[in-house]
Amino acid sequence: RPPSPRARPLGIARHATWLRPAPLGGMAAGAISVTFHVECTKTKPGDAVFIVGSAPELGAWKPGGAVPCITSRHVFPMWTSEMVKLPATSERVEFKVIVMPGNGKHPDKATWEGGSNRFLHLPKNAGGGGAEIPAGG
């Protein structure tokens, strides 16, 4: 996805994801649960960080369906998403970090990070132990 006209540097210094296999019976077979951890320094009061990407679970490039991240004054500028279930059959998932008003009700005001898309290479199955997988991009 090319950067939108509202693309700007978002002060992202580190970007990584932690993957954990889906527990039996807890999620759909073949799902990988992913938590996004983002260091983003360029937010103003009332803004929030979201993850939007190629997978339907990440909004299919539509800011209105993006995954919200949260922070607190104790951990800022680190932002963390809830777990997102991605199908293990998706070998590569592309995404970007966006900033928009914290309630997410104004996707037309989203500011996209500039540069190339980030990506995850997911394992082909949900078996085995957890792993930390850095995001490329």
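Looking at T89, is it touching a residue at least 24 places away in the same chain (Cβ under 8 Å), of a type in the set (S, T, N, Q), farther than 16 Å from H37 by Cα and surrounded by fewer than 17 Cβ atoms within 10 Å (Cβ to Cβ)? Yes. Restricting attention to segment 66-79 and to residues that are in a strand (DSSP E or B) and out of contact with any Phe, Trp or Tyr (no Cβ under 7 Å at 6 or more places or on another chain), the residue that is most open to solvent (accessible area, probe 1.4 Å) turns out to be M78.
Restricting W61, W112 to residues that are modelled with pLDDT of 90 or more and open to solvent by less than 20 Å² (accessible area, probe 1.4 Å) narrows the list to W112. Of all the criteria given as (1) under 13 Å from L122 (Cβ atoms); (2) open to solvent by 80 Å² or more (accessible area, probe 1.4 Å); (3) at pLDDT 90 or above, the one not satisfied by E82 is (1). For I12, the conditions (1) within 14 Å of the chain's Cα centre (by Cα); (2) among the β-branched types (V, I, T); (3) modelled with pLDDT of 85 or more; (4) open to solvent by less than 80 Å² (accessible area, probe 1.4 Å) all hold with the exception of (3). Considering F95, F36, F50, the condition of being in a strand (DSSP E or B) and touching a Pro at 6+ places or on another chain (Cβ under 7 Å) is satisfied by F50 alone.
Quick check on segment 15-33: of everything there that is at pLDDT below 70 and not in a strand (DSSP E or B), which residue is least open to solvent (accessible area, probe 1.4 Å)? Looking at the filtered set, the residue picked out is A22.
The values are calculated or read from the model by the stated rules, or taken from the named source; none is laboratory data. Note that the structure is predicted; figures quoted are calculated from it, not measured. Every residue, glycine among them, receives a Cβ derived from its backbone with ideal geometry; neighbour counts consider all protein chains shown. Heads up: the accessible areas ignore ligands, DNA and RNA and are worked out on the full protein's heavy atoms, side chains in. Shrake-Rupley method; radii C 1.70, N 1.55, O 1.52, S 1.80 Å.
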